[in-house]
1. First compute the accessible area of segment 34-141 with a 1.4 Å probe, then give the percent of it belonging to carbon and sulfur atoms.
2. Using a 7 Å offset from the Cα along the Cα-to-Cβ direction at both THR64 and LEU124, what is the distance between the two label points in nm, to one decimal?
3. Taking N as the number of residues in the chain, what is its Cα Rg relative to 2.2 N^0.38 Å?
4. Using helices alone, what [θ] at 222 nm do you get for the chain, with -39,500 (n - 2.57) per DSSP H run of 4 or more residues, divided over all residues and rounded to the nearest 500?
5. Ratio of Rg to Rh for segment 62-123, alpha carbon only, Kirkwood?
6. Roughly how many nanometres apart are two label points built 7 Å out from the Cα toward the Cβ at LEU116 and THR1?
7. Taking only protein heavy atoms and a 1.4 Å probe, what accessible area per residue, in Å², does segment 70-111 have with all protein chains in place?
8. From the C-alpha gyration tensor of segment 1-84, pull out the three semi-axes of the equivalent ellipsoid (sqrt of 5λ each), sorted largest to smallest, in whole Å.
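The values are calculated or read from the model by the stated rules, or taken from the named source; none is laboratory data. Predicted model only: the values in this text are computed from it and were never measured. Quick reminder, even Gly has a Cβ in these numbers, built from the backbone with ideal geometry, and neighbours come from all protein chains shown. Surface accessibility is based on the protein's heavy atoms, side chains included, excluding ligands, DNA and RNA. Shrake-Rupley method; radii C 1.70, N 1.55, O 1.52, S 1.80 Å.
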Amino acid sequence: TGQAVRALWLRLPQGWRYLITGGLNTAVGYGLFALCYAGLDGVLPYALILCVTHVAAVTWSFVTQRHMVFHEHAGHWLPTYIRFQASYLGLLAQGMATNLAMVKGLSWSPWLAQALSMVIGVALAFLVHKFWVFKTPGNAG
(Lines give C-alpha, C1' and ligand atoms only; values in the text may rest on other atoms or scores of the structure.)
Protein backbone atom coordinates (compact mmCIF):
# COMPACT_ATOMS: atom_id res chain seq x y z
CA THR A 1 0.00 0.00 0.00
CA GLY A 2 0.94 3.65 -0.20
CA GLN A 3 1.57 3.92 3.54
CA ALA A 4 3.98 0.97 3.49
CA VAL A 5 5.92 2.43 0.55
CA ARG A 6 6.10 5.81 2.30
CA ALA A 7 7.35 4.22 5.54
CA LEU A 8 10.00 2.28 3.63
CA TRP A 9 11.05 5.44 1.77
CA LEU A 10 11.37 7.43 5.00
CA ARG A 11 13.65 4.74 6.47
CA LEU A 12 16.22 5.46 3.78
CA PRO A 13 18.97 7.90 4.81
CA GLN A 14 18.42 11.40 3.46
CA GLY A 15 21.46 11.13 1.20
CA TRP A 16 20.00 8.07 -0.52
CA ARG A 17 16.60 9.76 -0.89
CA TYR A 18 18.40 12.73 -2.44
CA LEU A 19 20.33 10.57 -4.91
CA ILE A 20 17.26 8.57 -5.96
CA THR A 21 15.12 11.69 -6.29
CA GLY A 22 18.01 13.45 -8.01
CA GLY A 23 18.24 10.63 -10.52
CA LEU A 24 14.58 11.11 -11.35
CA ASN A 25 15.03 14.88 -11.52
CA THR A 26 18.12 14.55 -13.71
CA ALA A 27 16.27 12.29 -16.11
CA VAL A 28 13.36 14.73 -16.28
CA GLY A 29 15.71 17.71 -16.69
CA TYR A 30 17.75 16.04 -19.41
CA GLY A 31 14.55 14.90 -21.11
CA LEU A 32 13.25 18.46 -21.15
CA PHE A 33 16.57 19.67 -22.55
CA ALA A 34 16.58 16.93 -25.21
CA LEU A 35 13.02 17.68 -26.32
CA CYS A 36 13.61 21.43 -26.46
CA TYR A 37 17.00 21.13 -28.15
CA ALA A 38 15.69 18.67 -30.73
CA GLY A 39 12.67 20.86 -31.47
CA LEU A 40 14.15 24.34 -31.13
CA ASP A 41 17.75 24.06 -32.31
CA GLY A 42 18.14 26.60 -35.08
CA VAL A 43 14.99 28.43 -33.95
CA LEU A 44 16.20 29.69 -30.56
CA PRO A 45 19.76 30.38 -29.45
CA TYR A 46 21.36 27.42 -27.71
CA ALA A 47 21.91 29.37 -24.45
CA LEU A 48 18.22 30.35 -24.34
CA ILE A 49 17.22 26.71 -24.71
CA LEU A 50 19.47 25.93 -21.73
CA CYS A 51 17.86 28.70 -19.64
CA VAL A 52 14.26 27.75 -20.43
CA THR A 53 14.79 24.06 -19.73
CA HIS A 54 16.72 24.95 -16.57
CA VAL A 55 13.78 26.87 -15.04
CA ALA A 56 11.31 24.10 -15.89
CA ALA A 57 13.59 21.37 -14.54
CA VAL A 58 14.34 23.29 -11.33
CA THR A 59 10.62 23.82 -10.66
CA TRP A 60 10.02 20.06 -11.03
CA SER A 61 13.00 19.39 -8.75
CA PHE A 62 11.70 21.78 -6.09
CA VAL A 63 8.45 19.86 -5.78
CA THR A 64 10.11 16.45 -5.56
CA GLN A 65 12.88 17.50 -3.18
CA ARG A 66 10.56 19.45 -0.93
CA HIS A 67 8.30 16.46 -0.41
CA MET A 68 10.49 13.41 -0.97
CA VAL A 69 13.87 14.44 0.49
CA PHE A 70 13.57 17.33 2.93
CA HIS A 71 9.93 16.83 4.01
CA GLU A 72 9.11 20.49 4.21
CA HIS A 73 5.33 20.65 4.45
CA ALA A 74 4.74 23.34 7.07
CA GLY A 75 4.59 27.01 6.28
CA HIS A 76 4.26 28.80 3.00
CA TRP A 77 6.18 27.27 0.10
CA LEU A 78 6.99 30.52 -1.75
CA PRO A 79 9.99 31.70 0.35
CA THR A 80 11.56 28.26 0.04
CA TYR A 81 10.86 28.19 -3.70
CA ILE A 82 12.57 31.57 -4.09
CA ARG A 83 15.63 30.32 -2.17
CA PHE A 84 15.60 27.16 -4.28
CA GLN A 85 15.52 29.08 -7.57
CA ALA A 86 18.17 31.51 -6.27
CA SER A 87 20.45 28.62 -5.32
CA TYR A 88 20.20 27.36 -8.86
CA LEU A 89 21.38 30.65 -10.34
CA GLY A 90 24.88 29.74 -9.19
CA LEU A 91 24.39 26.19 -10.43
CA LEU A 92 23.08 27.55 -13.73
CA ALA A 93 26.21 29.69 -14.10
CA GLN A 94 28.40 26.68 -13.27
CA GLY A 95 26.46 24.46 -15.67
CA MET A 96 26.47 26.96 -18.52
CA ALA A 97 30.17 27.72 -18.11
CA THR A 98 31.02 24.01 -18.03
CA ASN A 99 28.67 23.19 -20.90
CA LEU A 100 29.70 26.05 -23.17
CA ALA A 101 33.41 25.42 -22.48
CA MET A 102 32.99 21.81 -23.54
CA VAL A 103 30.86 22.65 -26.60
CA LYS A 104 32.73 25.74 -27.81
CA GLY A 105 36.21 25.11 -26.42
CA LEU A 106 36.53 21.35 -26.77
CA SER A 107 34.05 20.82 -29.64
CA TRP A 108 32.10 18.27 -27.63
CA SER A 109 28.54 17.35 -28.47
CA PRO A 110 25.94 19.46 -26.62
CA TRP A 111 24.31 16.17 -25.55
CA LEU A 112 27.42 14.91 -23.77
CA ALA A 113 28.33 18.34 -22.40
CA GLN A 114 24.89 18.80 -20.82
CA ALA A 115 24.96 15.32 -19.28
CA LEU A 116 28.36 15.96 -17.66
CA SER A 117 27.36 19.47 -16.51
CA MET A 118 24.33 18.03 -14.73
CA VAL A 119 26.40 15.39 -12.90
CA ILE A 120 28.81 18.03 -11.57
CA GLY A 121 25.94 20.09 -10.16
CA VAL A 122 24.43 17.25 -8.11
CA ALA A 123 26.88 17.34 -5.19
CA LEU A 124 26.90 21.13 -5.09
CA ALA A 125 23.10 21.26 -5.07
CA PHE A 126 22.73 18.83 -2.16
CA LEU A 127 24.97 20.92 0.08
CA VAL A 128 23.22 24.17 -0.79
CA HIS A 129 19.76 22.65 -0.31
CA LYS A 130 20.57 20.91 2.95
CA PHE A 131 22.32 23.83 4.60
CA TRP A 132 20.46 26.81 3.16
CA VAL A 133 17.31 26.24 1.10
CA PHE A 134 15.60 23.63 3.31
CA LYS A 135 17.50 24.42 6.52
CA THR A 136 15.05 23.36 9.20
CA PRO A 137 15.48 21.18 12.29
CA GLY A 138 13.75 18.29 10.50
CA ASN A 139 16.09 18.06 7.49
CA ALA A 140 19.14 16.77 9.33
CA GLY A 141 18.41 13.08 8.61
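1. For segment 34-141, the apolar C and S fraction of the accessible surface comes to 77 percent.
2. 2.0
3. Dividing the Cα Rg of the chain by 2.2 N^0.38 Å gives 1.12.
4. Using -39500 (n - 2.57) per qualifying helix, the result is -25500 deg cm²/dmol.
5. Rounded to two decimals, Rg/Rh equals 1.14.
6. 5.0
7. On a per-residue basis, 57 Å².
8. 30, 16, 9
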